[in-house]
Amino acid sequence: MKNYRVAGALAAAALTLVVIAGRALACPFCSAPSLTLTEQVAQSDAVVLVTWVDATRPAPPATTSVGSGDGEAAVATATTASGSPMAETIFAVEKVVKYAGEAPKKGARIALPRYLAAKKGDLFLLMGNKGTSIDWATPLEVSQTSFEYIAGAPAPEDPVAQRLEYFLEYLEFPDQLVANDAYGEFANAPYEDIAKLADKMPRERIRKWVASEDTPPTRMGLYGLLMGLCGNADDAKLMERIITEPTSEFRLGIDGVISGYLLLTGGKGLEVVDRTKLASKVVVDAEGNPVLDDKGQKQPVPFSETYAAMQALRFMWDFGGETVSKDRLQESMRTLLDRSELADLVIADLARWQDWSVQDRLMKLYGTEGYDIPSVKRAVVRYLLVCSRDKGEGADAKVPEHAAKAQAHLDELRKTDPRTVRDAERFFFPQ
């Protein structure tokens with residue numbers, strides 16, 4: 001079964017920080033490049049396909065002999081500005097994609113004041129912006145295939161779903177420049193536009209990508225999501241095997257796989273996720289039996305696995321429609337209140353989801369072992385602040401029971417822990 005190894009814990013921590021930072025409009029399980037190739041082309045004044053002709057290395061510093069006072073020769077180095085050849089690379093124009101001003105003809109030479117080693121005839125794409133002349137960026141080495149991909153790509157201003165249909169064919173393309181860029185287009189795209197392509201997705205190819213150990217781990221979140229949009233019952237079984245595979249390692253992209261699995265299986269699939277990722281604190285197999293390590297000890301569920309399942313709950317809340325009911329998602333999220341290391345995040349989600357059923361439970365947890373840390377206590381106070389403001393509509397509306405109870409709890413905490421309440425209110429920005 002697939003092994004989602006990464007270099008180390010730093011990668012896991014970095015991913016967690018990125019995800020916690022907020023829910024972007026783009027694909028929720030993708031890490032996108034800053035600019036895709038089509039965006040770079042769109043932002044450039046000049047884009048030209050060229051071939052490498054020749055290059056000149058920068059001259060080494062010149063040396064001069066300087067006589068010493070006693071007649072012996074001493075050697076010192078000096079750089080001479082005159083007479084030294086400058087670094088330069090010469091390209092020949094093959095095809096102009098766009099150009100501000102009069103475009104150069106095929107065969108015309110373009111000289112860049114830098115040294116770039118290559119072979120005669122190697123293809124590069126030059127992109128630049130116009131000032132007094134064209135200021136060229138670092139040349140991008142391309143193949144004829146990748147150039148045709150770039151030249152044929154739809155413009156950024158075209159409808160997103162229409163653009164994605166073009167890039168869909170280039171996912172896992174043999175040319176890595178193309179494959180990485182096509183992934184970047186999906187990573188930058190809103191989920192709603194990705195979902196529009198469900199009936200056009202190459203299901204069998206996506207299944208192979210999800211199952212293959214050769215698939216880059218950074219793309220597994222996207223492919224798991226695509227599988228959830230176009231897959232069938234057999235694909236759901238494959239995803240369940242991946243999800244329930246006992247592991248003690250960080251698995252990049254497993255949050256997208258879980259989300260895609262829930263899109264296919266709904267409430268029944270959530271029962272599996274509850275049993276293996278949320279309710280159990282130790283690693284269990286598909287039947288719920290604890291998995292023992294080489295020493296016969298039960299293995300704790302990795303934090304990253306539990307957090308990935310939590311991310312899947314958030315995804316289903318925001319994008320899952322009626323695949324899983326809101327009440328059922330709240331029930332699973334409440335399970336995570338038993339995890340003190342996740343409590344502040346869980347409480348914030350329950351407040352966002354307006355689940356006011358856990359007020360008494362939060363008050364019982366407040367300040368107890370594992371929950372006696374500032375971030376958790378502030379989360380409880382903010383939960384109560386949001387709840388207390390959930391008033392009925394209209395000037396004569398009766399204050400809901402949960403809002404009145406939340407206000408009473410706040411009043412109690414202002415007496416027993418006034419500092420935490422003040423700290424929580426200081427940075428409280430109700431939605």
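FYI, it's all coordinate maths here, none of it is from the lab. Keep in mind it's a predicted model, so treat the numbers as computed, not measured. Cβ: placed from backbone, ideal geometry, glycine included. Neighbour counts: every protein chain shown.
Counting alpha carbon pairs within less than 8 Å and at least 6 residues apart, what relative contact order, in whole percent, applies to the chain? Can you show the working numbers first?
On the way: 634 pairs, mean separation 51.4, N = 431.
It rounds to 12 percent for the chain.
Would you mind counting up the charge near ASP193? Only other residues with Cβ under 13 Å from its Cβ, with Lys and Arg at +1 and Asp and Glu at -1.
Working: positive: ARG163, LYS196, LYS200; negative: ASP158, GLU165, GLU185, GLU192.
Result for the neighbourhood of ASP193: -1.
Given LYS196/LYS268; LYS326/LYS391; LYS98/LYS130, which pairs have Cα atoms separated by over 19 Å?
Details: LYS196/LYS268 25 Å; LYS326/LYS391 21 Å; LYS98/LYS130 12 Å.
Cα-Cα > 19 Å for LYS196/LYS268; LYS326/LYS391; rest within.
What order do you get for CYS387, CYS30 when you list them from fewest to most C-beta neighbours inside 10 Å? Don't skip to the end; give the middle numbers.
Working: CYS387 25, CYS30 22.
Result, fewest neighbours first: CYS30, CYS387.
Just order 217-229, 265-277 by mean Cβ neighbour count inside 10 Å, highest at the front, would you? Can you show the working numbers first?
Numbers: 217-229: 25.0, 265-277: 19.2.
Packing proxy ranking, top to bottom: 217-229, 265-277.
Give the aspartates and glutamates whose C-alpha is closer than 18 Å to that of LYS237, dropping any in the same chain fewer than 8 places away, or say none.
List returned: GLU204, GLU213, GLU245, ASP255, GLU271, ASP274, ASP285, GLU287.
Using a cut-off of 14 Å between alpha-carbon atoms, which aspartates and glutamates can reach LYS200, once sequence neighbours fewer than 8 places away in the same chain are excluded?
GLU165, GLU169
Based on DSSP H runs of at least 4 residues, each adding -39500 (n - 2.57), what is the mean residue ellipticity at 222 nm of the chain after dividing by all its residues, to the nearest 500 deg cm²/dmol?
Numbers: 17 runs with 190 residues, N = 431.
Using -39500 (n - 2.57) per qualifying helix, the result is -13500 deg cm²/dmol.
Please rank HIS409, HIS402, fewest neighbouring Cβ atoms within 10 Å first, as an exposure proxy. Could the numbers behind the result be given before it?
Details: HIS409 21, HIS402 16.
The fewest-first ordering by Cβ neighbours comes to HIS402, HIS409.
Please sort 363-375, 45-57, 301-313 by packing, taking for each peptide the average over its residues of neighbouring beta carbons within 10 angstrom, highest first.
Working: 363-375: 13.9, 45-57: 17.9, 301-313: 23.2.
Result, highest mean Cβ count within 10 Å first: 301-313, 45-57, 363-375.
Rounding to the nearest 10 and keeping the result within 0 to 90°, find how far the Cα-based axis of helix 303-319 lies from the longest principal axis of the chain.
80 degrees
Kindly express, to the nearest 10 degrees and within the range 0 to 90, the angle between helix 176-187's C-alpha long axis and the longest C-alpha principal axis of the chain.
40 degrees
For the chain, what class follows from the C-alpha gyration tensor (a ≥ b ≥ c being the square roots of its eigenvalues): rounded when a/c is under 1.5, otherwise prolate if a/b is larger than b/c, else oblate? All intermediate terms of the calculation are to be shown ahead of the outcome.
Values: a/c = 2.15, a/b = 1.81, b/c = 1.19.
Because a/c hits 1.5 or more and a/b exceeds b/c, the chain counts as prolate.
Give me the net charge for the shell around SER388: Cβ to Cβ below 13 angstrom, other residues only, Lys and Arg +1, Asp and Glu -1.
Numbers: positive: ARG382, ARG389, LYS391, LYS405, ARG414; negative: ASP390, GLU401, ASP411, GLU412, GLU425.
Residues near SER388 contribute 0 overall.
Cross-link candidates for LYS106: which aspartates and glutamates have Cα within less than 15 Å, leaving aside residues fewer than 8 places away along the same chain?
GLU94
Per Stokes-Einstein, at 4 °C and 1.567 mPa s, what whole-number D in µm² s⁻¹ belongs to the stretch 285-352, with the Kirkwood radius over Cα pairs as the hydrodynamic radius?
Numbers: Rh = 13.5 Å.
The Stokes-Einstein estimate is 96 µm²/s.
For the stretch 341-431, rounded, prolate or oblate, judged on the Cα gyration tensor with a ≥ b ≥ c (square roots of eigenvalues), a/c < 1.5 rounded, else prolate if a/b > b/c? Write down the numbers at each step before the final one.
Details: a/c = 1.78, a/b = 1.59, b/c = 1.12.
Prolate shape, in that a/c is at least 1.5 and a/b is the bigger ratio.
In degrees between 0 and 90, to the nearest 10, how far off the longest principal axis of the chain does helix 326-335 point, with axes built from Cα atoms?
90 degrees
In nm, what is the difference between 0.36 nm times the number of residues separating SER34 and TRP317 and their Cα-Cα distance? Walk me through the intermediate numbers first.
Working: separation 283, 0.36 × 283 = 101.88 nm, distance 2.77 nm.
Difference between extended and current length: 99.1 nm.
By how many nm would the segment from ALA100 to ARG275 grow when fully extended, if each residue of separation counts as 0.36 nm and the alpha-carbon distance is taken off? Don't jump to the answer; show the numbers that get you there.
Numbers: separation 175, 0.36 × 175 = 63.00 nm, distance 6.08 nm.
Answer, rounded to one decimal: 56.9 nm.
By the 4.7 Å beta carbon criterion, which cysteine residues of the chain come out unpaired?
CYS230, CYS387 - these cysteines have no disulfide-compatible partner (Cβ-Cβ under 4.7 Å) in the chain.
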